[in-house]
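A short worksheet on the structure shown next.
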Amino acid sequence: MTEETGAGPLQGLRVVTSTSFVAGPLAGLTLAQMGADVIRLDPAGGPADMGRWPLARNGRSLFWAGLNKGVRSVAVDFRSPAGQELAAALITAPGEGAGLFVDNTIGRRFFSYDALSARRPDLVHVHIQGYADGRPAMDYAVNPRYGVPMLTRPADVDRPVNHVLPAWDIATGLLAVSGLLAGLHRRRVDGRGSRIDLALADVAAAHVASLGWLAEVTERGQDRPRLGNHMYGAFGVDFACADGRRVIAVAITRQQWRDLVGMTGTAAVFEALSGVHGADFDVEGVRFENRALIEAVLAPWFARHTGEQVLAAAAETRVMVGEFRSPSEVVAAFRRGEETDVLIEVDQQGIGPMLTGTSPLRWDSRYVPPAPAPDFGADTEWALAEVLGLSAAEIGRLAGEGTVRLPVPAA
């Protein structure tokens, strides 16, 4: 957080991370946005995700810059015993708000809970895994395993459709934050440390099951039908507008349904259909069962109105209507000043102005402006001096030996 908005609620906490890709960096980003001092430990040769797409025109990773805003970057040679000792010392450094670690590493025993807790017994360590048995995994491979692509594909397409949003990675990153803070609370209550293991595949399985999707199969003895853009269990589907735009209209509650009927001027039609079919369209499940009929009745109204007219009409009601937009259209709306303030430009070192997002949490009704991501290794010298108390001569020796990597001064 910034001086303008005041200290964040996690000010005074120092969290060390050693992560890459989505879940772990998102955990660090989330903690930093709430005021924690987050130190990202990376191998001296560079992290695995430092060049991940999408890229800026100059080849710098927009992905890395977006997910590492406001954290510190420390580069250490994990292959050398001296580098491993430095990394462990940073993680287990003294301090009431320190001794907090998040990682998703595989095979680095010096980062294990057993090794680190021997140095600091009250360590709170969140270890992110692919599978609970230690096998690696990633969102795009876990998602198919638990059936989601079989539900998202259109009714007339046999090939499954794997969505592009890494939803399980995102959920895992946010659960890692919850686990870390819960472990910290326990430590403050009884002084105990915590080993917290969190598997991406378990996150997917648990949430799919908690939504009732698996219990539904056991009850009905079969998978639910492919519905395309129809919302399951209620009424919601996309419509084509007069100008070629597409919108999705959703009516879950009785009032939303009545507003949708009123907005489209179809009340008399549905009253007649209710009598013919013996269907009470005020009931959510009945609307779902009659979704094709409802869609056919409503489609002509949408076809006579532009997307802008539909959105304006819906704004006067409780009906939930969303316009389908491309990323370029979102950017254009941002440039016109028509987007949410959670989208913001930061001056990112090595990239320039970069459109990104800040934390969606509003403290005292305000969004908190984000800090840019650091250059790789930019905070190595600071961490060694301020956290470990090493002298300039000692830091210079470590850099000369290749144990740490210091940033190259700009020409």
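The values are calculated or read from the model by the stated rules, or taken from the named source; none is laboratory data. Remember, predicted model here, so these are calculated numbers, not experimental data. Using ideal geometry, Cβ is built from the backbone for each residue, glycine included, and neighbour counts are taken over all protein chains shown.
Just for segment 144-173: of the residues that are under 16 Å from Leu227 (Cβ atoms) and among the small types (Gly, Ala, Ser), which one is surrounded by the fewest Cβ atoms within 10 Å (Cβ to Cβ)?
Top of the filtered list is Ala155.
Wholly within segment 1-94, which strands (runs of 3 or more DSSP E) include no fewer than the required count, namely at least 2 residues that are under 23 Å from the mean Cα position of the chain (by Cα), among the hydroxyl-bearing types (Ser, Thr, Tyr) and farther than 20 Å from Arg397 by Cα?
Counting at least 2 such residues, we get 14-18.
Of the residues in segment 151-209, how many are modelled with pLDDT under 95 and of a type in the set (Val, Ile, Thr)?
Residues that pass the stated criteria total 4.
Applying the selection to segment 264-312, what residues are of a type in the set (S, T, N, Q) and either touching a Phe, Trp or Tyr at 6+ places or on another chain (Cβ under 6 Å) or more than 25 Å from Arg245 (Cβ to Cβ) (or both)?
Across segment 264-312, the qualifying residues are Thr264, Ser274, Asn290.
Tell me, please, whether a residue that is of a type in the set (A, V, I, L, M, F, W, C), surrounded by fewer than 17 Cβ atoms within 10 Å (Cβ to Cβ) and touching a strand residue (DSSP E or B) at 6+ places or on another chain (Cβ under 7 Å) can be found in segment 293-303.
yes
For every residue, the table says whether it meets (1) over 22 Å from Gly307 (Cβ atoms); (2) β-branched (Val, Ile, Thr).
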position	(1), (2)
Met263	no, no
Thr266	no, yes
Phe270	yes, no
Leu273	yes, no
Gly278	yes, no
Gly285	yes, no
Phe288	yes, no
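I'd like to know if segment 256-272 contains one or more residues that are surrounded by 13 or more Cβ atoms within 10 Å (Cβ to Cβ), hydroxyl-bearing (Ser, Thr, Tyr) and under 30 Å from Val102 (Cα atoms).
For segment 256-272, residues surrounded by 13 or more Cβ atoms within 10 Å (Cβ to Cβ), hydroxyl-bearing (Ser, Thr, Tyr) and under 30 Å from Val102 (Cα atoms): absent.
Hey, can you tell me all the residues within segment 370-411 that are exposed (fewer than 13 other Cβ atoms within 10 Å of the Cβ) and either in contact with a Pro (Cβ under 7 Å, 6 or more places away or on another chain) or closer than 16 Å to Glu85 by Cβ (or both)?
Gly389, Glu401
Starting from residues that are surrounded by 14 or more Cβ atoms within 10 Å (Cβ to Cβ) and out of contact with any Gly (no Cβ under 6 Å at 6 or more places or on another chain), keep the ones in segment 278-288 and report whichever is farthest from Glu338 (Cα to Cα).
In this case the residue turns out to be Ala279.
Please list, ordered by residue number, the strands (runs of 3 or more DSSP E) wholly in segment 301-411 having 2 or more residues that are under 30 Å from Phe239 (Cα atoms).
Result: 320-323.
Yes/no matrix, rows are residues, columns are (1) of a type outside the set (Gly, Ala, Ser); (2) within 18 Å of Pro372 (Cβ to Cβ); (3) at pLDDT 95 or above:
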| residue | (1), (2), (3) |
| --- | --- |
| Leu293 | yes, no, yes |
| Trp301 | yes, no, yes |
| Ala313 | no, no, yes |
| Val319 | yes, no, yes |
| Arg325 | yes, no, yes |
| Asp347 | yes, yes, yes |
| Thr356 | yes, yes, yes |
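In contact with a Ser or Thr (Cβ under 6 Å, 6 or more places away or on another chain), buried (at least 22 other Cβ atoms within 10 Å of the Cβ) and more than 27 Å from Arg192 (Cβ to Cβ): is that true of Ala75 in this structure?
The answer is yes for Ala75.
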